[in-house]
Amino acid sequence: MLTSARGLAVVLLIGACNDAVIDPFANDGKYFSVYGFIDELETNHVLRVIPVTRRGAVIFDPSDPNADIDARVTTTDLETGDVYYWAHHIERLADGTYGHIYRSNFRVRPNRTYRLEILRVDGKTTWAETRIPNLSSTRIEAGPPILAADATVTQQLLIPGVRSVWDVEILYRRPSSSPIRLPYGRDGKATEDGWTITLDITRDILVLASIMGLPVDSVSWAAMGIKAQILDNNWDPPLDVFDPEVLAQPGTLSNVENGYGFWGSIGLFQDDWPNSPELEAALGF
């Protein structure tokens, strides 16, 4: 799951590099473009900052004048007042150019709001806020198993109140054994009640049999679980599409004041539940 978060960082930090669409002459009051997020599962956070300047923002070499930046970056926990500072680095990007990458080390907590500020020496500030999703009281809602005409079994799960997820793992728990985790990625869709995921249990049994080295009809488990990365409520992309070419455009999915881009957060949702009698009957356990 952490790998997916790092992949998302690549999308935000590397994919959002098309700065030619920003016209500094027509954008008074916009000082920086910002791309990044903070993650409840991580302590090392990464941020891309691009100054909105008349000389352009592309850096071809670390010795270029554009490699200098007038920006002090901080994040404040608005509940405790704790301030975290971000260190500036010039780092090579996937397209061979360089970018202003800021890194910081701190832990974020659910249900807290964090404020990011990028301050110029003249006092001009670009800022954004994000609230870490709080899912401590959320419980999965597992629907009845669905037995299709071809004998395949599926089951629908609902994470109530969640608008968007990034990554999902389904856990199959067996007595006296470590759970087997199967990736579901960003499978599912947003509904009025929350995020809905359809489990393909028949397919999963084939995967479990391969992992466990057992015949398919010998595979069983006692309980199931879910581990999901949940995006904050502001992180709701247009048409539910995570396309970096779209998200990089100024004004698209932006919560940044006095600037462009997006700064969000990822929370963690975990839950477990026992097999229902209906599921065990459908599977012949």
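The values are calculated or read from the model by the stated rules, or taken from the named source; none is laboratory data. The structure presented is a predicted model; accordingly, all values stated were derived computationally and were not measured. In this analysis, Cβ positions are derived from the backbone assuming ideal geometry, glycine residues included, and neighbour counts consider all displayed protein chains. With ligands, DNA and RNA removed, areas are computed over all heavy atoms of the protein, side chains included. Shrake-Rupley method; radii C 1.70, N 1.55, O 1.52, S 1.80 Å.
Net length available on complete extension from ASP187 to ALA67 is 39.2 nm, with 0.36 nm assigned per residue and the Cα-Cα distance removed. Size of the range 134-182 from its Cα atoms: along the principal axes, largest to smallest, the extents are 39, 30, 19 Å. Counting charges near TRP127 (Lys, Arg +1; Asp, Glu -1) among other residues having Cβ under 13 Å from its Cβ returns a value of +2.
Shape class of the range 23-113 from the alpha-carbon gyration tensor: prolate, with a/c at 1.5 or above and a/b greater than b/c. Using a probe of 1.4 angstrom and keeping all protein chains present, the accessible surface of the range 77-125 works out to 56 square angstrom per residue.
The accessible surface of the range 48-142, taken with every protein chain in place and a 1.4 Å probe, is 44 percent carbon and sulfur. Under 14 Å from a point 7 Å along the Cα-to-Cβ line of ALA281: which residues of the range 133-153 have their amide N that close? Residues passing the 14 Å test: 144-147.
In this calculation the C-beta distance from ALA149 to THR198 is compared with R0 = 25 Å, giving a FRET efficiency of 0.90. Summing Lys and Arg as +1 and Asp and Glu as -1 over all other residues whose Cβ lies under 12 Å from the Cβ of ARG139 gives a net charge of -3.
Ordered by packing density, taken as the mean number of other Cβ atoms within 10 Å over each peptide's residues, highest first, how do 121-133, 59-71 rank?
121-133, 59-71
Other residues with beta-carbon under 12 Å from the beta-carbon of TRP86 carry, at +1 per Lys or Arg and -1 per Asp or Glu, a net charge of +2.
Extension gain for LEU78-SER178 works out to 32.1 nm (0.36 nm per residue, less the C-alpha to C-alpha distance).
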